[in-house]
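The values are calculated or read from the model by the stated rules, or taken from the named source; none is laboratory data. All of these numbers come straight from a predicted model, not from anything done at the bench. Here the Cβ positions follow ideal geometry from the backbone for every residue, glycine too, while neighbour counts run over all protein chains shown.
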Amino acid sequence: MFNIILAPFQAIKEAGSKKSMSRTMKVLLVASLFAGLSALLVTKSFTGLSLLIALGIAVGMFVCVLVMSFFFKLSLHMLSKKGGYYEALTAVTYGCFVFACGALATSVLSLLIDINVVLNVIVALVSVVIMLAAIILAKTIKLRAAMDFFSADLLTVIVAFVIVYVSVLFAFYFLVRNSCLGLLDLLTHPCSVQI
């Protein structure tokens with residue numbers, strides 16, 4: 001599983017040839033657990049609320065990757081006429097796994113904070129380097145996997161991802177706008193609400 005980080009080209013090639021949905025789901029589950037655990041470690045407390053937040057992050061990441069992969073599949077399939085849900089899910093999952101590993105590593109390092117000022121600065125700098133590397137590697141692995149799985153060029157993959165990201169932003173904009181307008185209507189006309 002960690003060959004996604006250590007040997008990404010080999011991991012992508014292996015995923016493309018074996019097409020194992022169960023392996024992809026295992027990687028997604030581990031990535032989600034790493035994300036939840038990293039949130040738990042950052043809080044440095046193991047109260048009920050911290051555990052609930054960590055669980056929410058883990059479940060939220062798992063569900064978001066499943067849903068976003070569907071939209072990436074729609075966009076990439078329409079542009080390249082190749083690939084399916086497995087390919088999109090694997091590309092997104094591999095990127096999320098690398099990001100979650102970086103988040104977990106920086107969370108473990110954050111446990112060293114508050115020992116002394118010099119160590120705090122060193123930990124902060126190392127954490128920034130780790131997260132930069134994790135984010136860059138996560139995005140490039142996702143792009144490379146999508147290029148290989150959908151037999152598309154880099155520009156097509158970037159356009160597909162931009163289409164999905166912009167669509168998600170617009171969807172959230174309309175959700176917030178409609179919620180705010182509904183709340184405004186409720187506040188200005190409280191008697192018009194019928195039960």
Only one of Ser38, Ser32, Ser50 is of a type outside the set (A, V, I, L, M, F, W, C), buried (at least 20 other Cβ atoms within 10 Å of the Cβ) and either free of Cβ contacts under 8 Å to residues at least 24 places away in the same chain or more than 22 Å from Tyr165 (Cβ to Cβ) (or both); which?
-> Ser38
If you go through Ile135, Ile113, the only one that is more than 12 Å from Phe72 (Cα to Cα) and in a helix (DSSP H, G or I) is Ile135
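Within the stretch 54-68, is even one residue over 25 Å from Met131 (Cβ atoms), of a type in the set (Val, Ile, Thr) and either assigned to a helix (DSSP H, G or I) or out of contact with any strand residue (DSSP E or B) (no Cβ under 9 Å at 6 or more places or on another chain) (or both)?
As a first pass, look at the stretch 54-68 and keep what is over 25 Å from Met131 (Cβ atoms): none.
Within the stretch 54-68, none of the residues are over 25 Å from Met131 (Cβ atoms), of a type in the set (Val, Ile, Thr) and either assigned to a helix (DSSP H, G or I) or out of contact with any strand residue (DSSP E or B) (no Cβ under 9 Å at 6 or more places or on another chain) (or both).
Somewhere in the stretch 171-182, is a residue touching a Ser or Thr at 6+ places or on another chain (Cβ under 8 Å) and either assigned to a helix (DSSP H, G or I) or among the polar types (S, T, N, Q) (or both)? Even if it seems obvious, please write down each step before you answer.
Keep residues of the stretch 171-182 that are touching a Ser or Thr at 6+ places or on another chain (Cβ under 8 Å), which gives none.
No, the stretch 171-182 contains no residue that is touching a Ser or Thr at 6+ places or on another chain (Cβ under 8 Å) and either assigned to a helix (DSSP H, G or I) or among the polar types (S, T, N, Q) (or both).
Taking Val92 as the residue in question, decide whether it is under 14 Å from Met61 (Cβ atoms), free of Cβ contacts under 8 Å to residues at least 60 places away in the same chain and surrounded by 14 or more Cβ atoms within 10 Å (Cβ to Cβ). Please lay out each step first, then the result.
On the way: under 14 Å from Met61 (Cβ atoms): yes; free of Cβ contacts under 8 Å to residues at least 60 places away in the same chain: yes; surrounded by 14 or more Cβ atoms within 10 Å (Cβ to Cβ): yes.
The answer is yes for Val92.
Mind listing whichever residues of the stretch 126-142 are within 22 Å of Thr24 (Cα to Cα) and surrounded by fewer than 17 Cβ atoms within 10 Å (Cβ to Cβ)? Can you show your working first?
Kept after step one, since they are within 22 Å of Thr24 (Cα to Cα), are these residues of the stretch 126-142: 134-142.
Within the stretch 126-142, Ile135, Ile136, Lys139, Thr140 qualify.
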Top-ranked residue of the stretch 14-31 - restricted to ones that are polar (S, T, N, Q) and closer than 12 Å to Glu87 by Cα, ranked as modelled with the highest pLDDT | Thr24
Determine whether Val123 is at pLDDT below 95 and exposed (fewer than 10 other Cβ atoms within 10 Å of the Cβ).
-> no
The stretch 147-165 residues that are on the phi > 0 side of the Ramachandran plot, paired with ones that are assigned to a helix (DSSP H, G or I) (beta carbon under 8 Å, 6 or more apart) | Ser151/Ser80
